[in-house]
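**Q** Dropping a structure here in structure tokens format, bear with me for questions.
The values are calculated or read from the model by the stated rules, or taken from the named source; none is laboratory data. The structure presented is a predicted model; accordingly, all values stated were derived computationally and were not measured. Here Cβ is always computed from backbone atoms with ideal geometry, including for glycine, and neighbour counts include all displayed protein chains. Protein only, heavy atoms only, side chains kept; ligands, DNA and RNA dropped before computing areas. Shrake-Rupley method; radii C 1.70, N 1.55, O 1.52, S 1.80 Å.
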Amino acid sequence: MAHLPYADLSVPELQPLVQRIVAERGHVLHLYQMLMHSPPLAEGWLHYLTQVRQKLNLDGALRELVIMQIAHLNGAPYEAEQHAPIALREGLVPAQLAALPHWQATGDVFSPLQQAALALAATMTSDIPAGAEQRLDLQALLGEREVVELVGTIAAYNMVSRFLEALNIHADDPRPAAA
């Protein structure tokens, strides 16, 4: 159960943003219903993460792989539940998702690029700063833009999981009627 009640989406001032979220996401997820307590934060979050998820050159499967790894590392089940279907649509396979807790021991499941991205995600999630060797490994496999986008994606989804877990947001939480 979330630590705070979810925002009331029937508030007239919220309707433009609620409609935008429904248009972009299909419905108002628990995450966004919590964010709606602060419309400026919700709007900025929506814009930023839409850019990360839909506008970058970074390969979608690689993006979703690191998001799933971050969810695992941060103990964020809501994030994992939301992104598992996206990860599969982007080309990951169930065996890869199942192998995330022990990815270093399953070298044949992940490509060298995926292994390098997983290593960077693990380091960025637990240590600051990330290792220069990991960045160099990725620079050899990706262009500069994609390295920046990968680092930005890892940073963004660490923010998401930390927000979710700080407020104890879960997909089965009861909440006021959503749009």
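**Q** Quick one: which of VAL66, VAL52, VAL93 is of a type in the set (Val, Ile, Thr), over 22 Å from ASP172 (Cβ atoms) and either open to solvent by 20 Å² or more (accessible area, probe 1.4 Å) or in contact with a strand residue (DSSP E or B) (Cβ under 8 Å, 6 or more places away or on another chain) (or both)? Give the steps one after another, and end with the answer.
**A** Values: VAL66 fails: either open to solvent by 20 Å² or more (accessible area, probe 1.4 Å) or in contact with a strand residue (DSSP E or B) (Cβ under 8 Å, 6 or more places away or on another chain) (or both); VAL52 fails: either open to solvent by 20 Å² or more (accessible area, probe 1.4 Å) or in contact with a strand residue (DSSP E or B) (Cβ under 8 Å, 6 or more places away or on another chain) (or both).
Answer to the selection: VAL93.
**Q** Looking only at the stretch 28-58, count every residue that is of a type outside the set (S, T, N, Q) and within 15 Å of TYR78 (Cβ to Cβ) and tell me the total.
**A** Number satisfying all stated conditions: 9.
**Q** Then there is this: Could you please find all residues in the stretch 116-144 being within 19 Å of the chain's Cα centre (by Cα), surrounded by fewer than 19 Cβ atoms within 10 Å (Cβ to Cβ) and in a helix (DSSP H, G or I)?
**A** Within the stretch 116-144, THR123, SER126 qualify.
**Q** In this structure, does MET159 turn out to be open to solvent by 70 Å² or more (accessible area, probe 1.4 Å), out of contact with any strand residue (DSSP E or B) (no Cβ under 7 Å at 6 or more places or on another chain) and not small (Gly, Ala, Ser)? Steps first, answer last, please.
**A** On the way: open to solvent by 70 Å² or more (accessible area, probe 1.4 Å): yes; out of contact with any strand residue (DSSP E or B) (no Cβ under 7 Å at 6 or more places or on another chain): yes; not small (Gly, Ala, Ser): yes.
Considered against the rule, which asks whether it is open to solvent by 70 Å² or more (accessible area, probe 1.4 Å), out of contact with any strand residue (DSSP E or B) (no Cβ under 7 Å at 6 or more places or on another chain) and not small (Gly, Ala, Ser), MET159 comes out as yes.
**Q** Here is a list of conditions, (1) surrounded by fewer than 17 Cβ atoms within 10 Å (Cβ to Cβ); (2) more than 28 Å from HIS3 (Cα to Cα); (3) without any contact (Cβ under 8 Å) to a residue 24 or more places away in the chain, and ASP172 meets all of them except one; can you say which number that is?
**A** (2)
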